[in-house]
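Here is the structure we will look at.
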Amino acid sequence: MTSPPLVLIIEDDDLQYEIYEDALSKYQLIRVQSGTDALSEIPKHTPDLVILDHVLSKGELGLDFLPELKELLPFVPIVIVSGALEVHQQLEALQGPRRAHYVLTKPVDMHALRRTVAAALKECGEKELVRQFEALERSHRSDALDLFSRSTDRLARQNKILEMVRKSSARPNISALAREFNVARRTIIRDLQELIRRGQLKPEVYPGEN
C-alpha cells in the first residue's frame, strides 16, 4: 500500500498548526517552527510538499529561506501561507527560478487549502518538469517540421528559378519573380545569391539588385 504524501509544515503558531492537522489529516505531517529547523529536517525526511509561513520563530522570515529550500528541494512544490505579506511580496514569491507555487493568505480557508495541496501534489514538482520537457520536445518537433517544410519549399522555388533564368538571356526580373512565387523581393535575391554560391548560376547573372 502506498504511503500518503509527506507534508512539511514550517509554522510556529500552535493554533495554525491545529488547523493544518484538521484540514490535511489524510497526509503525513511533519512540523518545524523555523526555517533553520526545516533545513536540518529535510535531509532526514524529504517531503512531497512544503507549507511555509512567513513570520517564524527565532525572528526568522519564511521568504528568506525560499532560495535554500528550493536548492534542497528543487522539484518539491512550496505553498506559502501568511497574513503578513504585502501584495508585491506575494508576487515576488511566485516569480523567478526559485519560486513558490502558491501563496495563500491567512486566515486560510480550509477548503482552499485542501484544493491547493491536492493540486500541487498532482500537477507540480517532478510532474511539472516532465510536462515541460514533453512540451519542449513537441515544440522542437514542430519547429523541425516547419523548418523542413520551408527548406523544401525554398529548394523547389530555387529549382524553378534556375530553370526560368537559364531559358532567358535577360537578367532576372526580381519583382516579376517575387510576384510569380508570391514572396518578398529579398527572398528572390537570397535565392539567386544561393544559386550563385552553389555554382548553379554565373555571378554575372545577378551582379546586384535591379
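The values are calculated or read from the model by the stated rules, or taken from the named source; none is laboratory data. Everything numeric here is computed off the predicted structure, so don't read it as measured data. Neighbour counts are summed over all protein chains in view; Cβ atoms, including those assigned to glycine, are modelled from backbone coordinates with ideal geometry. These area figures cover heavy atoms from the full protein model, side chains too; ligands, DNA and RNA do not enter into them. Shrake-Rupley method; radii C 1.70, N 1.55, O 1.52, S 1.80 Å.
So here's what we get for this one:
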| read-out | value |
| --- | --- |
| Fraction of accessible area attributable to carbon and sulfur, region 1-124 (%, probe 1.4 Å) | 52 |
| Qualifying lysines (Cα of each under 19 Å from Cα of LYS160; at least 8 residues distant if same chain) | LYS202 |
| Carbon plus sulfur fraction of accessible area for region 160-210, probe 1.4 Å, in percent | 47 |
| Base-10 log of normalised Debye intensity for region 33-87 (one unit scatterer per alpha-carbon) at q = 0.15, 0.16, 0.18, 0.27 Å⁻¹ | -0.38, -0.44, -0.55, -1.20 |
| Accessible area of region 43-103 divided out per residue, in Å², using a probe of 1.4 angstrom | 51 |
| Distance between modelled label sites at LEU72 and VAL87, nm, 7 Å Cα→Cβ extension | 3.4 |
| By average C-beta atoms within 10 angstrom, highest first, the peptides 102-110, 52-60 | 52-60, 102-110 |
| Relative contact order of region 8-49, pairs being alpha-carbon contacts under 8 Å that are 6 or more residues apart, as % | 52 |
